[in-house]
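Inspection log for the structure reproduced underneath, given as structure tokens.
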Amino acid sequence: MVLRKPLAVCVCLAYVASTVAQIKVLHPKSLSQKFHRAKIDGSTAAFGTPYYGERITGRLVYGESKGDRWCREDDYDIPPPLGDKERKLPNIIVVRRGNCSFVTKIRIAEEEKDAVAVIVVDTLGSSRTPSEIQRVIMADDGWGDNVKVPSILISDKEGSLLIDELRKNGNNVIIELAWDVRKETTVSMDFWITPAVEKSISFLREYSHYAKTLKHKLDFRPHYWIFSLPRDYKDLCIDDDATYCALDPDMAGSTTGKDVVEETVRQLCLWEKTAIVDHNVEQSGDYSAIWWDYVDQLPNACPMDGKGNKVFGEECSLGLMKKLGADMKQIQECLTKDKESILERERLSHAWSPLAMRINDWRYSGPLDPDLITRAVCSGFEKRPKECDTLLHPSKIDFENDFEKKEHEPEEEKGVPWWIVFVSIIGASIVVVSLFFIYRVWIARHLRKALRCELMAEMKQQMSTDDDTANATPQTNPEFNPNDAQM
Ligand SMILES: *[C@@H]1O[C@H](CO)[C@@H](O)[C@H](O)[C@H]1NC(C)=O
């Protein structure tokens, strides 16, 4: 009996560390027992922001549709929170899939119903299994940028168990959500770049700082969106068969898809000829400082609307590589010999969308924000390296930063630390008690003296006059009333 509990904890920790657990039913037990390890896996939406490396615990509430075809905000009501203010858990809202886009559902739950996360249950009666659901992508309808909270799509079979429980026993279900990345010694990042497209370019530029800090701890692998067409329409491809094509980055401008395919080969050759491992790092990832400098500097050094030898294209690109110290002989060799094999590999290794990211072989969802991605990356290390602390709390060095100030606020805002307050109270009490005793001693002494005087006076009086005056004497001087001294 004694051993059983720690054992259970160990098993549980090992299990959390190695899996992407998404929903965990914490309460009630009768419900959690219906799921394998109390856990439900689902598909995370391609919009909204998962809480990477964190846990959210919340109360599950069912947003049961009243039958609005358009899922408007009054389609369902949310019951008031249970319990007192302090223990109020945030709402995680469950809704059924259907009648409107995922984004609309999630946005209403977030904006109108105060949800911190949303669980979408597949259409009633759907036969999709949990593992099939994990391959479904909750797509962005184009308005997903307005959504902040994360959401998960789960199967009808598992979701109906949740909904039945909520309907039968009220909103008494507590769950925990986690977006864990699989843990590895070094974290791998696959990034599918749509070359020369603004979103890719700006992400690479911003992320280069992070990559240069993580160096070999990150196993970065660039991929490029190269595709085939039935035939070449508008200079998108490098060959007549239209096998290797890329998007035209500036419809009206002079740069064509064909230029982009050529640039893709250059960037991949640069990566392959300069990325190295560091044998001093355990399971070192591929890293190339030159490549990160190149993607950071290319947009300014060789802009698409540039002039002469400073325009996006071969001459400018090779000039920049040379300036950054790449071995140009190796690059040239790669460009002539490996071009076809590189393009063929890229054409065949597509992700689920042109702009995509995988962390430790697991699909990343959420905005392409370097800080958020670093959070996801850092939660994927078996042993979190110190580089993560510098990247996620860069203000350790710069104390002017607002973020850091906010983090320390609870301690610093009080001004006086608790122990000084404590010591002061104790000190003040000692002084008060001492004064009281000194006063008592002083009073007692004076009382005795006074009484002696009174006594003497009395005796003198008695010797000279009658009894009446003698009885009144002690009250004539109330300052020495013995009752006062005993307060
Ligand atoms: C969709 O709308 C119909 C009525 O038009 C309603 O009966 C149904 O419950 C709605 N479904 C969802 C998932 O909201």
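The values are calculated or read from the model by the stated rules, or taken from the named source; none is laboratory data. What you see is a predicted model; the values in this text were computed from it and never measured. When we count neighbours, we look across all protein chains shown, and the Cβ atoms used for this are built from the backbone with ideal geometry, even at glycine. For accessibility, only protein heavy atoms count, side chains too; no ligands or nucleic acids. Shrake-Rupley method; radii C 1.70, N 1.55, O 1.52, S 1.80 Å.
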Using 10 Å bins from zero, what percent of all Cα-Cα pairs in the range 164-296 falls into each bin? 11, 31, 24, 15, 10, 8, 1
Going by amide H atoms built from the backbone, whose H comes under 5 Å of the H on LEU26, apart from near neighbours? ILE174, ILE175, GLU176
Placing each pseudo-label 7 Å from Cα in the direction of the beta carbon, GLU333 and ALA428 end up separated by a distance in nanometres of 8.1
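Of the beta bridges DSSP finds with both residues in the range 18-178, what % are antiparallel, to the nearest 5? Kindly include the intermediate steps, with their values, before the conclusion.
Numbers: 14 of 28 bridges.
Restricted to the range 18-178, the bridges split so that about 50 percent are antiparallel.
With a 1.4 Å probe and every protein chain kept in, tell me what percent of the accessible surface of the range 187-404 is carbon plus sulfur. Display every interim value, and only then the final one.
Values: 5330 of 10520 Å².
Of all accessible area on the range 187-404, carbon and sulfur atoms account for 51 percent.
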Roughly what would the spin-label model give for ASP114 and HIS279, points 7 Å off Cα along C-beta, in nm? 6.1
Listed by chain and number, the residues whose amide H is under 5 Å from that of VAL187, excluding neighbours fewer than 5 places away on the same chain and using placed H, are ASP219
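Send over a whole-number figure in Å² for the accessible area per residue of the range 18-178, probe 1.4 Å.
Numbers: 7930 Å² over 161 residues.
Value returned for the range 18-178: 49 Å² of accessible area per residue.
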If packing is taken as the average number of other Cβ atoms within 10 Å across a peptide's residues, how do 207-219, 335-347, 124-136 rank, most packed first? 207-219, 335-347, 124-136
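Estimate the FRET efficiency between HIS209 and ASP68 by the formula 1/(1 + (r/R0)^6), using the beta-carbon distance for r and 60 Å for R0, to the nearest 0.05. Numbers along the way, then the final one.
Working: r = 47 Å, r/R0 = 0.78.
So the FRET efficiency works out to roughly 0.80.
Cβ neighbours within 10 Å, averaged per peptide: list 283-290, 99-106, 260-267, 325-332 in order, most packed at the top. Kindly include the intermediate steps, with their values, before the conclusion.
On the way: 283-290: 18.4, 99-106: 20.4, 260-267: 22.8, 325-332: 14.1.
Going by the mean number of other Cβ atoms within 10 Å, highest first, we get 260-267, 99-106, 283-290, 325-332.
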Find how much the distance from TYR233 to ASN169 grows on full extension, using 0.36 nm per residue of separation minus their present alpha carbon separation; answer in nm with one decimal. 17.0 nm
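Checking the table LYS199/LYS234; LYS183/LYS339; LYS148/LYS217; LYS39/LYS215; LYS113/LYS383; LYS29/LYS113 against a 32 Å threshold on Cα-Cα, which pairs fail?
Working: LYS199/LYS234 23 Å; LYS183/LYS339 35 Å; LYS148/LYS217 30 Å; LYS39/LYS215 35 Å; LYS113/LYS383 39 Å; LYS29/LYS113 27 Å.
In this structure, LYS183/LYS339; LYS39/LYS215; LYS113/LYS383 lie more than 32 Å apart at Cα.
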Give the carbon-plus-sulfur fraction of the accessible surface of the range 67-184 in %, rounded to a whole number; probe 1.4 Å, heavy atoms of protein chains only. 48
Round to the nearest 0.05 the FRET efficiency obtained for ASP369 and TYR439 when R0 = 60 Å and r is the Cβ-Cβ distance. 0.30
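With a 1.4 Å probe and all protein chains left in place, how much accessible area per residue does the range 227-359 have, in Å²?
Values: 6970 Å² over 133 residues.
With all protein chains present, the range 227-359 gives 52 Å² per residue.
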